[in-house]
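The structure under discussion appears below in the form of C-alpha cells.
The values are calculated or read from the model by the stated rules, or taken from the named source; none is laboratory data. Here the structure is a predicted model, which is why all the values come from computation and not from measurement. Cβ sites come from the backbone with ideal geometry, for glycine too, and all protein chains shown count toward neighbours. Areas reflect the complete protein model, heavy atoms only, side chains present, ligands, DNA and RNA absent. Shrake-Rupley method; radii C 1.70, N 1.55, O 1.52, S 1.80 Å.
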Amino acid sequence: MNYWILKTPIQDDGAHLSTLPTAGPEDFLYSKGESLKAQHPQDSESVMCFDTDFPDRIKLFDFVSNLDEVLIGNKRVRDVFEQLGIENVEYLPVWLMNHQGEIASKDYTILNVLGSVDAIDMEKSKYRMGRIIKTQINRVKHLVLDNDNIPEEAQVFRASSKLNEIFISDPLKQALEAAGLSGWKAIEAQGWDGMDF
C-alpha cells in the first residue's frame, strides 16, 4: 500500500491561524501523539485567531493552515475520519476568531493523532537527527518506509521517529478526495525529500 504525508499548506486566500489556544497545553505537546483531552480548554477559552500577518486571507477551507502545523479540520473532515472507523484520533474543539476579534466558526477541531508506528526504515532513509530531541528526525533528505512495520489497518498515524508529521493511507487519501475536501495536499511518503511542494 502507498502512504502519504498530509499537509495543510497556506492557501492564497485562505485563513492562516496564528497560535494554539493559550489556555491549553504547551505547543510542543500537540506533536507527541499523546492524549490532550483532559488539558484542552472548553468553548470560549479554546480560541485560535486569524494571523495578523495575513490580513487579506479570510476564507475558511475544510482544513486550515496554522503556525504550529497541527492538523485542524471542520465537521466534514471529522465525518470522513469517522466513516472510515478511524479510532486513533481525538477531536479537540476550537473556535476560530477573525481579524476583527469576532468568531468566524465554531465548526473546527484539532485532530490529535494518537500513538505512533515504527514506520521509517532508519537504515535506508537519509536524514539528520535533532540536536535537542535526539530521538526525532529533524531533517529528511530521502524517506524510506518500512511497510512491514505499518499495521494493515492503520489509516492515519505518526512515525515514532518523526512525530510531527502525519501519515495517511491510500484509502484515507481517496476518501478525502472523494469528499471534495479543501485546504490539504498529500505528498507521497516513499522517497520524500522533506520538501512541502
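Of the solvent-accessible surface of the chain, computed with a 1.4 Å probe and all protein chains present, 46% belongs to carbon and sulfur. Here's how it looks for Ile120: its modeled amide H is under 5 Å from those of Asp146, Ser160, Ser161, which are all 5 or more places away or on a different chain.
Using 0.36 nm per residue and subtracting the Cα-Cα separation, the extra length available between Asp56 and Asn149 on full extension is 29.0 nm. What the chain shows is 53 Å² of accessible area per residue, with the surface traced by a 1.4 Å probe over protein heavy atoms.
Mean-square fluctuations from a GNM of the chain, with a 10 angstrom spring cutoff on Cα atoms, peak among Pro151, Pro171, Pro25 at Pro151. Considering helices alone, the calculated mean residue ellipticity of the chain at 222 nm is -2500 deg cm²/dmol, with DSSP H runs of length four and up weighted by -39500 (n - 2.57) and normalised per residue.
Volume per residue for the chain equals 118 cubic angstrom (convex hull of Cα atoms). Using a Förster radius of 22 Å, what is the FRET efficiency between Glu188 and Met129 based on their Cβ-Cβ separation? Nearest 0.05, please. Computed FRET efficiency for Glu188 and Met129 comes out at 0.45. Gap in Å between the Cα centre of the stretch 22-58 and the Cα centre of the stretch 67-101? Taking the Cα centre of the stretch 22-58 as reference, the centre of the stretch 67-101 is 11 Å away.
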